[in-house]
Amino acid sequence: MSPRGSSARWVAHSARLLDGTGAPALEDAWLVTEGGRVVALGSGVGWREHTRGSGGAEVLDAAGRWLVPGFVDVHRHGGGGRSHEEGPDAVLAAALAHRAHGTTAGVVSFVADDVDVLAEHLSGVADLVEAGGAGGLVLGSHLEGPFLAHARRGAHDPAKLTDPTPAAVRHLLAAARGTLRQVTLDPQRAGADEALRLFTGAGTAVAVGHTEASCEQAAGAFDAGARLLTHAFNAMPGIHHRAPGPVVAALDDERVVLEVILDGHHVHPRAAALLLTAAPGRVALITDAMAAAAVPPGGPSRYRLGGLEVVLEAPAAAGAPPRAVLAGGDTIAGSALTLDVALRLGAAAGIPLEALVRAATSTPARAVGAAGGGGAAARGVLAPGARADVVVLGEDLAVVEVRTAGGAG
């Protein structure tokens with residue numbers, strides 16, 4: 001069952017509130033939602049005024065717990081035991097599984113496949129979005145493939161990789177009907193320049209990723225309109241003192257958002273902390289989650305990612321999810337991560353919570369055009385007029401309650 005928003009008034013008080021902008025926590029905070037949006041917030045006893053009047057209000061004494069915006073995951077392949085390639089029902093099941101971990105909006109990622117198959121996937125997601133996106137949980141699609149470098153393909157089927165011809169790009173955009181939020185593109189692929197122009201002209205955010213591109217080549221793609229770096233450090237050259245690579249190009253460009261998978265396997269927490277310090281407000285925590293994410297303990301140890309088999313290995317660190325690798329090898333294949341776990345791992349590494357929350361909320365929302373405007377309520381922030389997606393976290397940063405557009409169920 002899809003969660004529905006609520007028009008009823010909800011008042012939370014005596015909380016510690018992080019609004020998603022990177023600002024310090026508001027102590028003794030209160031928040032009021034009604035009609036699916038945030039109505040007011042403040043600190044002290046002003047919340048009492050909002051409990052009076054016709055109909056009353058549902059009141060939560062947060063008792064010092066955290067109030068944060070709902071998480072926005074702009075790169076995820078599945079969850080709850082379901083892969084997005086299985087179809088719309090699986091997309092909804094995965095979205096609901098991640099919602100229980102605080103993610104109130106997500107982009108549906110697909111691995112490399114034949115262009116016609118991907119067009120069918122995009123059309124199915126467009127149908128979901130046009131029907132309400134499961135109460136707003138589904139924002140649109142992300143094509144992580146097929147326009148990737150063979151040498152940096154990661155867990156993508158090499159037989160499905162191809163060049164982005166204008167015909168292929170137009171076919172995919174037509175199938176998505178305005179719901180293709182982002183696409184990962186290797187700027188060294190033949191036709192990449194024209195593809196970047198076509199995608200960005202259609203309002204799709206282009207991400208540089210799965211590439212051997214140099215720092216200069218990545219910078220050229222950013223100058224041409226690319227605005228994201230797909231899972232920084234992974235599936236690309238690293239930072240070398242004589243060859244700084246795409247990560248440094250992204251750090252140098254204030255227009256670019258860098259995705260990071262903070263699961264204890266893809267990127268060391270101190271490397272993630274370095275990015276958050278060097279590019280404040282420009283790092284987006286993502287899960288890159290496949291079907292194994294948000295599966296209760298004791299679940300299966302083998303899954304599918306596209307046409308490839310994935311095996312889970314025991315986590316190396318306490319609190320980290322299992323490591324997902326391609327069967328018979330050591331190639332990391334997505335993750336079993338949820339964004340609440342990413343926050344806890346980051347906080348345990350000493351990264352300030354306000355920076356982590358910003359990276360899980362307003363920054364990814366902005367990166368894929370979900371920051372509000374044109375009559376749409378902003379995602380990823382707690383401010384008057386913003387969509388009332390709210391997560392209550394305990395002192396240990398475990399999810400206590402999740403509200404989507406003001407509704408709890």
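When peptides 218-224, 66-72, 247-253 are sorted by average Cβ neighbour count within 10 Å, with the highest value leading, the order is 66-72, 247-253, 218-224. The alpha carbon centroids of segment 332-409 and segment 23-55 are separated by 19 Å. Taking trypsin sites (Lys or Arg not before Pro) across segment 366-407, none is in a DSSP loop with at most 16 further Cβ atoms lying within 10 angstrom of its Cβ. Sites listed here are trypsin sites (Lys or Arg not before Pro) in segment 178-274 whose DSSP assignment is loop and whose Cβ has at most 16 other Cβ atoms within 10 Å: 242, 255. Return the whole-Å distance between the Cα centroid of segment 66-105 and the Cα centroid of segment 245-299. A separation of 17 Å, based on Cα centres.
Rounded to the nearest 0.05, the FRET efficiency derived from the C-beta distance between residue 167 and residue 240 at R0 = 41 Å is 0.65. Each residue of segment 116-127 was assigned a 3J(HN,Hα) from its phi angle through the Karplus curve 6.51 cos²θ - 1.76 cosθ + 1.60 (θ = phi - 60°); the sequence is 5, 5, 4, 4, 5, 4, 5, 5, x, 5, 4, 4 Hz, with glycine and proline shown as x. Neighbours of residue 194, meaning other residues whose beta-carbon lies under 13 angstrom from its beta-carbon, give a summed charge of +1 when Lys and Arg score +1 and Asp and Glu score -1.
Take every pair of alpha-carbon atoms less than 8 Å apart whose residues are at least six positions apart; their mean separation over the length of segment 71-367 yields a relative contact order of 19 percent.
The stretch between residue 401 and residue 151 holds 85.7 nm of extra length on full extension. This uses 0.36 nm per residue minus the Cα-Cα distance. Highest mean first, the peptides 338-345, 118-125 sorted by other C-beta atoms within 10 Å per residue fall in the order 338-345, 118-125. Restriction of the GluC sites (Glu not before Pro) in segment 188-262 to DSSP coil positions whose beta-carbon has at most 11 other beta-carbons within 10 angstrom yields 254. Entry note, segment 253-390: relative contact order of 23 percent, from Cα contacts under 8 Å with a spacing of 6+ residues.
Remind me, relative contact order of segment 1-93 in percent, using alpha carbon pairs under 8 angstrom and six or more residues apart? Normalised by residue count, the contact order of segment 1-93 is 29 percent. In order along segment 233-249, phi translates into HN-Hα couplings of 6, 9, 6, 6, x, x, 7, 10, 5, 10, 9, x, x, x, 5, 5, 4 Hz, rounded to whole numbers, per the Karplus curve 6.51 cos²θ - 1.76 cosθ + 1.60 with θ = phi - 60° and x for Gly and Pro. If R0 is taken as 45 Å, the Cβ-Cβ distance between residue 49 and residue 117 corresponds to a FRET efficiency of 0.25. Based on DSSP H segments of at least four residues, each scored -39500 (n - 2.57), the chain has a per-residue ellipticity at 222 nm of -7500 deg cm²/dmol. Taking other C-beta atoms within 10 Å as the exposure proxy, 153, 304, 52 rank 52, 304, 153 from fewest upward. Along segment 193-203 the Karplus relation, 6.51 cos²θ - 1.76 cosθ + 1.60 evaluated at θ = phi - 60°, assigns HN-Hα couplings of 4, 5, 4, 4, 5, 5, 5, 5, x, 8, x Hz to successive residues, with x for each Gly and Pro.
For the pair residue 216 and residue 327, label points projected 7 Å from Cα toward Cβ lie 4.5 nm apart.
Only the coordinates and a few stated rules stand behind these numbers; no lab work does. The shown structure was predicted, so the numbers you read here are calculated from the model rather than taken from an experiment. Cβ: placed from backbone, ideal geometry, glycine included. Neighbour counts: every protein chain shown.
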